[in-house]
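The values are calculated or read from the model by the stated rules, or taken from the named source; none is laboratory data. Values in this document were obtained by computation on a predicted structure and should not be read as measured data. Don't worry about glycine lacking a Cβ; one is built from the backbone with ideal geometry, like all the others, and counts go over all protein chains shown. Ligands, DNA and RNA are excluded from the accessible area calculation, which covers all protein heavy atoms including side chains. Shrake-Rupley method; radii C 1.70, N 1.55, O 1.52, S 1.80 Å.
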Amino acid sequence: MAAISVSARRKTEPPAQANPSQGRAALRQRLRRHLTGHGFLLGALLCFAYFSWYPMVREVIMSFQKTKRGRTTWVGTENLERIFADPDFWHAWRNTLLFTVLALVLGFAVPFVVAVLLNELRHAKAYLRILVYLPVMLPPVASVLLFKYFYDPGYGLFNAVLKSLHLPTSAWLNSPTTSMLSVVIAATWMNMGGATLIYLAALQGIPGELYEAAELDGAGLLRRIRHVTIPQTRLILSLLLLLQVVATMQVFVEPYLLTGGNGPQNSTLTVVNLIYQYAFSFNNYGSASALGLVMLLVLAGFSALYVRLSRTND
């Protein structure tokens, strides 16, 4: 009976109320625990906003303004009309699209092929990875100047190799027909290391049982790549394709240092080089901002369309 009465009293007693002071102390303790992490995140967010978001917003505003002798006036769409009427605008876009296509043919396929070859090797993988990634570790200016020496029609390495093989030499950067391809080759060599390592990491994540099953079915190397490697790395291939298109359309360093930005008969004039000329050669920041806004809209539209098509295919 005593036990029953005690249990009955426990059931009828109201639940113990939490001490407000203990709750506030626990809250302060959690805030102190996460204060350092939140501080670092806030600092990174402020830096990103100041150096990335603010210039984008400022560019949009300046594309509708005109600055002359320190005075800024609102001109509406005058800057956009001016750049669309400039013949160099369309010429720069043609060159940029040509560079993007050539860079995709070389810069997208070559790293994947190199990664597949490295993945098939049994020895010296670490040394070959370092060798492939070495151009990325070099300063871009040094790499470009090295290729400028290689392309020299008089004493350059490439023409020397062609002469030793009794093959016709090339003008490389001095010819409007080969200048863009020369820039693409240099850009591919400089930037392929990062993509190759990403592909290699994706390849090493593929289960070995899939390759063993394909070999048992009599599949050779090409069939294993087609039916196992490519489907298993489809996500990485799609992501890098999008990133490479966005990056190649913003090319600036390679054509600027190799050909001065224009090249023979404006054969290497790109959109970003034209933006640079508007801003720092003609002191026309309004037109430069308007052209930057056009490029922003084009890249944003392409990215949205690409993501939508990728989701539809999935």
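Could you list which residues have their amide H under 5 Å from that of Gln65, counting only those 5 or more apart in sequence or on another chain, with H placed in the peptide plane?
Under 5 Å from the amide H of Gln65 lie the amide H atoms of Val75, each far enough along the sequence or on another chain.
Calculate how steeply helix 2-12 sits against the longest principal axis of the alpha-carbon atoms of the chain, using the helix alpha-carbon long axis, and give the answer as 0 to 90 degrees to the nearest 10.
Relative to the chain, helix 2-12 is tipped by roughly 50 degrees.
What is the Cα centroid distance between region 183-231 and region 69-139, reported in whole angstrom?
22
Restricting the calculation to Cα positions, tell me the Rg (one decimal) and the Dmax (whole number) of region 106-153 in Å.
When restricted to Cα atoms, region 106-153 yields Rg and Dmax of 13.6, 40 Å.
How much area per residue is accessible in the chain when the probe is 1.4 Å and only protein heavy atoms are counted (Å²)?
Details: 20030 Å² over 314 residues.
For the chain, the solvent-accessible area averages 64 Å² per residue.
What is the spread of the Cα atoms of region 207-314 along each of their three principal axes, largest first, in whole Å?
66, 32, 20
Taking all pairs of different Cα atoms in region 172-262, averaging 1/r and flipping that mean, what Kirkwood radius in angstroms comes out? Numbers along the way, then the final one.
Values: mean 1/r = 0.0636 Å⁻¹.
Value: 15.7 Å, from the Cα pair sum.
What percent of all Cα-Cα pairs in region 125-276 falls in each 5 Å bin, counting up from 0?
2, 8, 13, 15, 15, 13, 11, 10, 7, 4, 1, 0
Between 0 and 90 degrees, rounded to the nearest ten: what's the tilt of helix 109-120 against the longest Cα principal axis of the chain?
Here the helix axis deviates by roughly 60 degrees.
Roughly how many nanometres apart are two label points built 7 Å out from the Cα toward the Cβ at His38 and Ala26?
The answer from the label model is 1.8 nm.
Assuming a viscosity of 0.692 mPa s and a temperature of 37 °C, what translational diffusion coefficient in µm² per second does Stokes-Einstein assign to the chain, Rh being the Kirkwood radius over Cα pairs? Present the calculation step by step, with values, prior to reporting the outcome.
Working: Rh = 24.7 Å.
Reported coefficient: 133 µm²/s.
Show me the ranking of peptides 230-240, 117-127, 200-210 by mean Cβ neighbours inside 10 Å, starting with the highest.
Numbers: 230-240: 15.4, 117-127: 10.9, 200-210: 13.8.
Packing order, densest peptide first, comes out as 230-240, 200-210, 117-127.
Going from the alpha-carbon gyration tensor of region 63-102, what semi-axes, largest first and in whole Å, does one get by taking the root of 5 times each eigenvalue? Write out the running numbers ahead of the final one.
Values: eigenvalues 168, 21, 13 Å².
For region 63-102, the semi-axes come out at 29, 10, 8 Å.
Select from region 37-90 those trypsin sites (Lys or Arg not before Pro) which occupy a DSSP coil region and have at most 10 other Cβ atoms within 10 Å, ordered by residue number. If you can, show how the numbers build up before the last one.
On the way: sites: Arg58, Lys66, Lys68, Arg69, Arg71, Arg82; in loops: Arg69.
Within region 37-90, the qualifying trypsin sites (Lys or Arg not before Pro) (loop, at most 10 other Cβ atoms within 10 Å) are Arg69.
Enumerate the whole-percent occupancy of each 5 Å bin, from 0 to the last occupied one, for all C-alpha pair distances of region 124-173.
For region 124-173, the binned pair fractions read 5, 19, 18, 15, 15, 16, 10, 2 percent.
How high is the relative contact order of the chain, given as a whole-number percent (alpha carbon pairs under 8 Å, six or more residues apart)? Before the final figure, lay out each step's value.
On the way: 284 pairs, mean separation 80.5, N = 314.
So the answer I get is 26 percent.
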